[in-house]
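Visitor: This is the structure I have questions about; it appears just below.
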Amino acid sequence: MFHHDPQLTGDAGGTTPRGSDPACAQPAAIRTGYDLAASDGGIFSFPDGGMPFCGSAGGEHLNAPVVAMAMAPRSGGYWEVASDGGIFAFGGAGFFGSMGGKHLNSPVVGMAATPDGGGYWEVAKDGGIFAFGDARFLGSVAGQRLNAPVVGMSTTADGQGYRLVAADGGIFTFGDAAYAGSEGGAHLNSPVVATVNDPDTGGYWEVAADGGIFAFGGARFYGSKGGSHLAEPVVGMAETDDGHGYELVAADGGVFTYGSASFDGSMGGRHLQKPVVAVAGF
């Protein structure tokens, strides 16, 4: 794995990643926009001039495809995670370890970062959790019988809890993450693909592959693509900082924004080497 290469990670003496924008050295708090990650590690940053490009794994040899990404909340930059648990860190995001090169019972499907950017979690398809840096292990569903595989995770605003979501919409909570309902056991037109935390209310959303949105625990419904024709399925979701909106991304890079989320561009209609698999924003 090449995540130890300081030209790519920036965790050796703060080296700037190859091809990155100097704005990656700026505090994350002053940034706006979102990034899309493709399965080959390619990163697409929006808007141009607003969201800096801090480097990517695109064009590099990967042992496994990238499946998710997360923003470094304070220091800037971002992480990508591959299905073998390998972590790739860019900009101000630190490398704190990974499951790359280690035996996994199930592939990794998602990740989440701590609020201070000092650590992150990886989650596997069987609900196994791997914690690095200052991220605390608070429990998992590994070894339990699941009605559907886990597809993603999100962390609470204080980083003292997290939620896992399964493809049937089932929610599993740990630490101070509150359970406020789920789509588990309900009829779904399409499988759930992600969950995100609402930083305003402590609630959360689930999003399905058809763009349907399910809101729980005070999280407001701002709209969805459910019932609409999509060129490609939705694969990810990101919340706005104020919790009053969210972005959805489809496999073709199309972006759909609701509430306070602003549309800053997309890869929809453009040629992609590999499908988009995740979105993350400031």
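Visitor: What full-extension length gain, to one decimal in nm, is calculated for Ala231 and Asn189 as 0.36 nm per residue of separation minus the Cα-Cα distance? Please report the intermediate quantities before stating the final value.
Guide: Details: separation 42, 0.36 × 42 = 15.12 nm, distance 1.64 nm.
Additional length available on full extension: 13.5 nm.
Visitor: Label-point separation (nm) for Gln144 and Asp176, each offset 7 Å from Cα along Cα-to-Cβ?
Guide: 2.2
Visitor: Still on this model: Could you give the dipole magnitude of segment 133-282 about its Cα centre, charging the beta-carbon of Lys and Arg +1 and that of Asp and Glu -1, in debye to the nearest 20?
Guide: Numbers: 7 positive and 16 negative charges, 85 e Å.
Dipole size: approximately 400 debye.
Visitor: Here is a further query. Sort 103-114, 86-97, 143-154 by packing, meaning the average of other beta carbons within 10 Å per residue, with the highest value first.
Guide: My ranking of the peptides, most packed first, is 86-97, 103-114, 143-154.
Visitor: Around Thr156, with a cut-off of 11 angstrom between Cβ atoms, what is the net charge of the other residues, counting Lys and Arg +1 and Asp and Glu -1?
Guide: Working: positive: Arg163; negative: Asp158, Asp176, Asp198.
Net of charged neighbours comes to -2.
Visitor: Amide H to amide H under 5 Å from Gly268: which residues, 5+ apart in sequence or cross-chain, H placed 1.01 Å off N in plane?
Guide: For Gly268, the qualifying residues are Gly254, Val255.
Visitor: Averaging over all projection directions, find the projected area of the Cα convex hull of the chain and quote it in nm² with one decimal place. Mind dumping the intermediate values first?
Guide: Details: hull surface 51.6 nm².
Mean orientational projected area (the chain, Cα hull): 12.9 nm².
Visitor: Taking only C-alpha pairs under 8 Å that are 6+ residues apart, what is the relative contact order of the chain in percent?
Guide: On the way: 798 pairs, mean separation 39.9, N = 282.
That works out to 14 percent.
Visitor: Could you name the lysines whose alpha carbon sits less than 25 Å from that of Lys102, not counting residues in the same chain fewer than 8 places away?
Guide: Hits, sequence-local ones excluded: Lys125.
Visitor: Where does the charge balance sit around Ala208 when Lys and Arg score +1, Asp and Glu -1, over other residues with C-beta under 13 Å from its C-beta?
Guide: -3
Visitor: A follow-up question, please. Given R₀ = 41 Å, what would the calculated FRET efficiency be for Asp158 paired with Ser106, taking r from the Cβ atoms and rounding to 0.05?
Guide: 0.90
Visitor: Follow-up. Normalised by the number of residues in segment 154-242, what is the relative contact order in percent for Cα pairs under 8 Å and 6+ residues apart?
Guide: About 22 percent, as a whole number.
Visitor: Please compute the Kirkwood hydrodynamic radius of segment 79-135 from all pairs of different C-alpha atoms, in Å with one decimal.
Guide: After inverting the mean inverse Cα-Cα distance, the result is 11.1 Å.
Visitor: If the viscosity is 0.692 mPa s and the temperature 37 °C, what Stokes-Einstein diffusion coefficient in µm²/s follows for segment 81-225 when Rh is the Kirkwood radius over Cα pairs?
Guide: Calculated translational D: 214 µm²/s.
Read-outs throughout are calculated quantities, based only on the coordinates presented, and are distinct from any laboratory measurement. Only a predicted model underlies this, so the values are computations on that prediction, with no experimental measurement involved. FYI the Cβ positions are ideal-geometry reconstructions off the backbone, even for glycines, and counts take in every protein chain you see.
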